[in-house]
1. Here's a check for you: in the stretch 151-201, which residue that is of a type in the set (Val, Ile, Thr) and either touching a helix residue (DSSP H, G or I) at 6+ places or on another chain (Cβ under 7 Å) or over 24 Å from residue 215 (Cα atoms) (or both) is surrounded by the fewest Cβ atoms within 10 Å (Cβ to Cβ)?
2. Tally up the residues in the stretch 79-97 that are exposed (fewer than 14 other Cβ atoms within 10 Å of the Cβ), among the small types (Gly, Ala, Ser) and at pLDDT 95 or above, please.
3. Exactly one of (1) in contact (Cβ under 8 Å) with a residue 24 or more places away in the chain; (2) over 19 Å from the mean Cα position of the chain (by Cα); (3) not in a loop (DSSP other than H, G, I, E, B) is unmet by residue 158. Its number?
4. Could you run through the stretch 197-222 and say how many residues are of a type in the set (A, V, I, L, M, F, W, C) and in a strand (DSSP E or B)?
5. Residue check: is residue 18 in a strand (DSSP E or B) and within 30 Å of residue 162 (Cβ to Cβ)?
6. Going by the conditions given, is residue 52 modelled with pLDDT of 95 or more and more than 18 Å from the chain's Cα centre (by Cα)?
7. Taking the residues in the stretch 98-118 that are surrounded by 17 or more Cβ atoms within 10 Å (Cβ to Cβ) and acidic (Asp, Glu) as candidates, determine which candidate is farthest from residue 5 (Cα to Cα).
Amino acid sequence: MNYQLCLYKDEAAPQAPLRLPTGAAIRAVYVIHGGLRVRADAFEGVLGGNSAFYAAGDAQLSAGHLVTWVLRWELARAGAPDSLASGEGVTSKKLLTAPMQLETAKEYLLRCDRVDFPPDGEALTHTHKGGGIRCLLAGGIDIHTNNTVHRYAPLEPWYEAGPDPVYAKAAPTMASGFARVMILPRELLGKSSITYVKPEDIDKPKNQKYQVFIDTPISLPA
């Protein structure tokens, strides 16, 4: 059964409600800056910058007292229509869609986290046990994979399938960081998904720092 993971960027004026289409999708929303009032599933509250929430169904969202920018990932069946936010004072843009092959007989989790690097930091050649979409928040980063190098600037997204070896190099003169959502095997709940490719890299010091916002089992959208 085929699925797709989409990433949207929503901007809302102060106090503006963000209306999201209804449908069979699961969402992770990360607040870049500003504030967001949220009512979704069993969660109700206000989120500030550098925080996130998860919803398995419909969500009611509105901006706080500041202009608010959010990144919103949605996992849905392949071919699902775009899920742009709407409302007065709201602009919404789809940044990336990535197809994902997921099996209904297997169990998965959704992880939303942030990875930060010091100037000239690196992530040594590695793989992950599941795919996901990243979006750079600050600085710059070069992603080396499949004999290619892509350089990303803030608010530019990319997809990593998981099994393809990746080496990442951060900008030399400034701190860099990205937010991401990955769909992982459920047995990784609370555990790292990374595997270093080169044996000599396993025990080397690592300079990337992780901040996990969401790590929760999911049921695949119908």
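The values are calculated or read from the model by the stated rules, or taken from the named source; none is laboratory data. It should be emphasised that the depicted structure is a prediction, and the values quoted were computed from it without experimental measurement. We place every Cβ from the backbone using ideal geometry, glycine too, and count neighbours over all the protein chains shown.
1. For the stretch 151-201, the residue satisfying everything is 173.
2. 1
3. Condition (2) is where residue 158 drops out.
4. So the count comes out to 4.
5. Values: in a strand (DSSP E or B): yes; within 30 Å of residue 162 (Cβ to Cβ): no.
No; evaluated as a whole, the condition is false for this residue.
6. no
7. 116
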